[in-house]
Amino acid sequence: LLLLCYTEEAAVIVSGLKNTDVFVGESATFTCELSHPGVKNVQWWLDGSPLHNNFVTEISEQDGMIHTLTLNDVACHDSGTVTFRAGSLISSAKLLVKGILLLE
C-alpha cells in the first residue's frame, strides 16, 4: 500500500500552450497558466532543447502562476514543438514559422 501525502494541493494546468503561426522576423508568444504558484523546476523547451533567457528568448512569470515565453525575430528553423514543464506538469504546442514569398 502506497500513501502519497501532499502538504499542499497539487497544481494543475489551467490554460495550456496554444499552437502558433507567425511569419519570419515576427515574435511568437506562448503562455501557460497554473492553478497556483510554488511549482518547482519550471523549464521551457524548443524541439527538446532547453531555452534560457536572452535577447532572443524572453521568459517571464507573473504571480508564480502565469508563465510566458516570447521568441523574438523568429526564423524558419525555429519551427517545431514548444514545451513548458513545471514539475510533473507538461504542456506542448506547435510553432510554425512561415516564410514570406516575394514575387518578382
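Among residues of the range 66-98 being small (G, A, S) and at negative phi, the one that is surrounded by the fewest Cβ atoms within 10 Å (Cβ to Cβ) is S88. Within the range 12-55, track down each residue that is open to solvent by 50 Å² or more (accessible area, probe 1.4 Å), hydrophobic (A, V, I, L, M, F, W, C), within 14 Å of L95 (Cα to Cα) and assigned to a strand (DSSP E or B). Matches in the range 12-55: F23, W45. Looking across E58, E9, one residue alone is of a type in the set (D, E), surrounded by fewer than 16 Cβ atoms within 10 Å (Cβ to Cβ) and at pLDDT below 95. It is E9.
Sub-7 Å Cβ pairs linking a first residue in the range 53-66 that is more than 19 Å from G87 (Cβ to Cβ) to a second residue that is in a strand (DSSP E or B) and at pLDDT 95 or above, at least 6 apart or interchain, are N53/I59; V56/L71; T57/L71; E58/T70, ordered by first then second residue.
Quick one: is L71 under 14 Å from the mean Cα position of the chain (by Cα) and closer than 19 Å to K98 by Cβ?
yes
The values are calculated or read from the model by the stated rules, or taken from the named source; none is laboratory data. For clarity, every value in this text was computed on a predicted model and none was experimentally measured. When we count neighbours, we look across all protein chains shown, and the Cβ atoms used for this are built from the backbone with ideal geometry, even at glycine. Areas reflect the complete protein model, heavy atoms only, side chains present, ligands, DNA and RNA absent. Shrake-Rupley method; radii C 1.70, N 1.55, O 1.52, S 1.80 Å.
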